[in-house]
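First up is the structure itself, then whatever we jot down about it.
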């Protein structure tokens, strides 16, 4: 009994100390009631030194909270109980959030620097006239290959993945929309197809890819590719740039016949409260110097063309991540499909996964 | 012959420990690697530790994580032990089975379901998300494992022991504090440590019920996966590991010393 | 039957917990399982579940792999717990078994990827002993290995406690009566440590039913379990109705298992004495 009591007291004292030091640390980092900005972002998706710079420049304190998927973020915002001022959904999620009335329109008169953006990345189908969103990063879906096993230039089309010589060679990103998507494109269909027969055909074609599929994994695909675990992978350009930075043998191609064009955009969710801080931050992030610094840190393609001009030539001219106009014109943006269709895509995909 | 068997069993244990600690050693080794991923070792550096100490946000997160883990494990152990005492009293097989099934529901339900249900629960009652909701949720999903660890000890406690105590005129409180609790304390400690593990490992539930700037280490690590987890996290895990190891070994030997003293004391007192 | 004197008042927090954090969420889950993706009342989720080969296959997978994981965990943990209980600093060793569980599971999984990869330590070892590099990742065995690894401490702990309780006099008595080691184990040690084993099996088997992360990370989605499907319905398709339906099935499966493993509670004082 004495031992139990002593242990309880020891734990309580430790908790007290932890709570105290936690509070002190938070207080010393200058958190003051009104002058805060609550940013809800993907993990490690902003250069931390930019946050420090913003805090110094404006006196606002930035609270960063993180999420790991669009849908999880959506659920949190929808349920409320939080006070996020800014968040970073992908394009189809912006449509979904708009339809669920979770977004606050931007006050264009308070934004300075929209002219810095490449007009090709503005006024997209998911948010006409950028009423709700400012592009943060963009990218594509493509094929990563390892030049120790695959001759450069020998895989440039989706259909080539089906060749029998690539048996057990391909890693796929675990995402229904993307895997079904490239199968659809390889059959000349749109990534937003809603025709059930065409979806069924895409799934059947995927079943024929099964012998070549080594594994279907998520974020850890980066580690696998860097470790030379497989010579081929289908993944997003953002992830690809992380891999390429760590393994010189890896290369990224966007198939010419078409692919997906994705965006991550800054939006103001319904839960927002600190509007002065929000616009100060948006304007800060649109400044070419800051946007360029962020793009170098994250390694994704920036839609801010003035920022792009500030990037080192090796990045700016990299066709893998800034594809030419011709390829760009074949890219398609995902539309938010009806829940039933999303379900259909996922059920077909689940069946493919079950039998691969 | 006996000696031979002895060493085989030790070898087995060494193997088990080697496997248990292999991934942790792997993580720690790479925390000293230049470069930024766990593929090839690129030469020794302390830069990741430097990054960690400069990252004030991360330090606050670590403190939050430990606070939640300790506090929730303590409270859930308390509630779970009391619950186990109640379940042990139940002799009706059906009632007992029902309670135990209810008890285990949170263990079998995947974290996303629990997290989403708790989120709906809290927001329906307009409870602002943050420290308290995370604490409550952690207590909630830790209770079943505590009950599972304490219950077998209770069933092993022989009735005669309790009867004897009762015959000697022990009050309820004396029964509990002098007889029952000391006997089941190994189960209580086991429950506490498992609760701690559950708390430190949980990502999905915490993710759903947190808010207002409050974050824990698991949430931070999982949400970094898309960008690739930096070696700063390895450095952090390494430090926390060494710290916990020191704490455990230190605690153990202090206790040993105490016991020695106590025994000596008792002996000299008897003489 | 000796009556106990623990006042029911002590139990209030526990019953409150059952009410607020178990019954309420379960009611919510059951309620949701009757709604489709357009929030209309329906029984279709259950119909889909029981008519779809995919879901039934997943259920079989879940139960089968949870059984395998539990079996291997028990196989490794029992001897380890037994040996540990005879060591000098046994409590310290026990704490050292728990310690690795405090490192984030995702990080440990990443470490295993590094260890098992083509150029990893495991394959270097295989090359060294002449077997040559093998494909270790994305195999059922590597998945089982890592899942077992994660669960071992949860099994060792209750078994260890049960073995410690074992009075050496039983063992000695058995030996004096001329029992072989095996007989002593099977007739004396094993039955007396059974409560600990059962609690370990429950602590391992129940959570293993809904494993999903390791099936993807280490197994490369070669094995799809109900956990994977629930994850997908809650986080990708946002079809909470179907997700909840699978959740209800898992809960029912758990209850059935509880009924099987929770045979008669030993009556107090009927031990050999």
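Only the coordinates and a few stated rules stand behind these numbers; no lab work does. Quick caveat, the model's predicted, so the values are computed rather than measured. Note that each Cβ is placed from the backbone with ideal geometry, even for glycine, and that neighbours are counted across all protein chains shown.
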Point-to-point label distance, residue C:71-residue B:127, nm (Cα→Cβ direction, 7 Å offset): 4.2 nm
In square nanometres and to one decimal, what's the mean projected area of the convex hull around the Cα atoms of chain A? 22.1 nm²
How many angstrom lie between the C-alpha centres of the stretch B:68-137 and the stretch A:45-120? 34 Å
Is chain B rounded, prolate or oblate when judged by the Cα gyration tensor, a ≥ b ≥ c being the square roots of its eigenvalues, rounded requiring a/c under 1.5 and prolate requiring a/b larger than b/c? oblate
Cα gyration tensor shape of the protein assembly as shown, rounded if a/c is under 1.5, else prolate or oblate by comparing a/b with b/c: prolate
Checked chain C with the C-alpha gyration tensor, a ≥ b ≥ c its square-rooted eigenvalues, rounded below a/c of 1.5, otherwise prolate if a/b is larger than b/c and oblate if not; verdict oblate
Under a point spin-label approximation (7 Å from Cα along Cα-to-Cβ), what is the residue A:309-residue A:100 distance to one decimal in nm? 4.0 nm
Arranged from highest to lowest average of other beta-carbon atoms within 10 Å per residue, in what order do the peptides A:181-191, B:54-64 appear? A:181-191, B:54-64
Work out the mean other chain Cβ neighbour count within 10 Å for the residues of B:164-176 and drop it here as an integer. 2
Cβ neighbours within 10 Å, averaged per peptide: list A:325-334, A:42-51, A:204-213 in order, most packed at the top. A:42-51, A:204-213, A:325-334
For a Förster distance of 35 Å, can you work out the FRET efficiency between the beta-carbons of residue B:14 and residue B:59, rounded to the nearest 0.05? 0.45
Number of partner chain Cβ atoms within 10 Å, mean per residue of C:167-179: 0
By average Cβ neighbour count within 10 Å, what is the ranking of B:201-207, C:144-150, C:243-249 from highest down? C:243-249, B:201-207, C:144-150
Relative contact order [Cα under 8 Å, 6+ residues apart], the stretch C:52-260, whole percent: 27 percent
How high is the FRET efficiency from residue A:330 to residue C:15, r the C-beta distance, R0 56 Å, rounded to 0.05? 0.35
Average other protein chain Cβ within 10 Å of Cβ, residues C:31-43: 1
Divide by every residue of chain B the summed helix terms, -39500 (n - 2.57) for each DSSP H run of at least 4, and state the resulting mean residue ellipticity at 222 nm, rounded to the nearest 500 deg cm²/dmol. -26500 deg cm²/dmol
Cα centroid distance between the stretch B:5-37 and the stretch B:179-224, in Å? 24 Å
